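See structure below.
Quick note: the coordinates plus some simple rules give every number you see, no bench work behind them. Keep in mind the model is a prediction, meaning the values are calculated, not measured. In this analysis, Cβ positions are derived from the backbone assuming ideal geometry, glycine residues included, and neighbour counts consider all displayed protein chains.
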């Protein structure tokens with residue numbers, strides 16, 4: 001299938017697919033006689049895996065590692081589980097930080113009177129550290 005169809009089938013974007021090819025996360029597909037990229041079903045499946053991994057918050061390097069796991073017969077499912085648990089701990093830490101930040105942002109927005117930029121209640125606090133930092 002062509003790149004537009006591959007993007008639609010994987011939930012990705014055309015520009016992102018090109019980027020994944022440039023960084024070696026996705027192999028360069030064959031091209032048809034007209035020069036259009038032609039993606040095989042397994043390449044679209046790999047792209048779907050990458051897209052889903054990004055949706056779950058995995059970094060590109062983590063996804064690169066995950067993509068190599070099926071090719072390593074010495075790895076156990078336990079090692080994959082540990083990687084996923086480590087990522088879950090990172091996600092939970094980010095959630096904790098976001099929950100801490102949200103009330104401060106709400107207070108800052110509430111103080112915004114819509115005045116002039118020099119008196120903006122949002123820009124001033126951004127330059128200061130909060131008590132918890």
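Kirkwood Rh, Cα Rg: Rg to Rh for segment 1-75? So for segment 1-75, dividing Rg by the Kirkwood Rh gives 0.99.
For the pair residue 76 and residue 36 in one chain, pulling the backbone fully straight at 0.36 nm per residue adds 10.5 nm over the alpha carbon distance. Taking other Cβ atoms within 10 Å as a rough exposure proxy, 74, 68 sort from fewest to most as 74, 68. Spherically averaged projected area of the convex hull of Cα atoms, segment 38-93: 4.4 nm².
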